[in-house]
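Remarks on the structure that follows.
The values are calculated or read from the model by the stated rules, or taken from the named source; none is laboratory data. Since the model is a prediction, treat every value here as computed from it, not as a measurement. For neighbour counting, all protein chains shown are included, and Cβ atoms are generated from backbone atoms with ideal geometry for every residue, glycine included.
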Amino acid sequence: MKFLYAGIFLGMILYLLVGAFVFIQLWSWFVAPIFGCPNLNLLQGLGILLTITFLAQRERVASQPQSTSLETKEERIAYSILTLTTGILTMLISLLIGWFTHWLLGILP
């Protein structure tokens, strides 16, 4: 069971690192060239991403009550793994769409 919790913790770290990487890539493709902003390093991207997430979560928690009832430990673990996996896949799909858009901007006049 300890290995499972360690795996979930590592998954959370991976989630944060992938999120920061996707954020700085999208920033360097779209925000920096348009507004003349400097590119970000991984820690700067992570800091901005955590700030945005914190502000968005506060608003979401205040406006929506939690209706998920996870009674057993196994259900909570499965839900955590599913949430991390879905989040990472969503970020990677966003990166792919951002790359395609960046590519299109480079070939279109």
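Values as computed for the structure displayed
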{"quantity": "Residue count for the stretch 1-16, restricted to those that are under 17 Å from Gly87 (Cβ atoms) and over 8 Å from the mean Cα position of the chain (by Cα)", "calculated": "8"}
{"quantity": "Single residue of the stretch 82-109 satisfying the filter (touching a residue at least 12 places away in the same chain (Cβ under 8 Å) and closer than 15 Å to Ala20 by Cα) that is surrounded by the fewest Cβ atoms within 10 Å (Cβ to Cβ)", "calculated": "Leu92"}
{"quantity": "Those residues of the stretch 27-46 which are in a helix (DSSP H, G or I) and more than 12 Å from the chain's Cα centre (by Cα), in sequence order", "calculated": "Trp27, Ser28, Trp29, Phe30, Val31, Ala32, Pro33, Ile34, Phe35, Leu42, Leu43, Gln44"}
{"quantity": "Positions within the stretch 56-87 being modelled with pLDDT under 90 and either closer than 30 Å to Leu105 by Cβ or not in a helix (DSSP H, G or I) (or both), in sequence order", "calculated": "Ala56, Gln64, Pro65, Gln66, Ser67, Thr68, Ser69, Leu70, Glu71, Thr72"}
{"quantity": "Yes/no for Gly45 being more than 17 Å from Leu84 (Cα to Cα) and either in contact with a Phe, Trp or Tyr (Cβ under 6 Å, 6 or more places away or on another chain) or among the acidic types (Asp, Glu) (or both)", "calculated": "yes"}
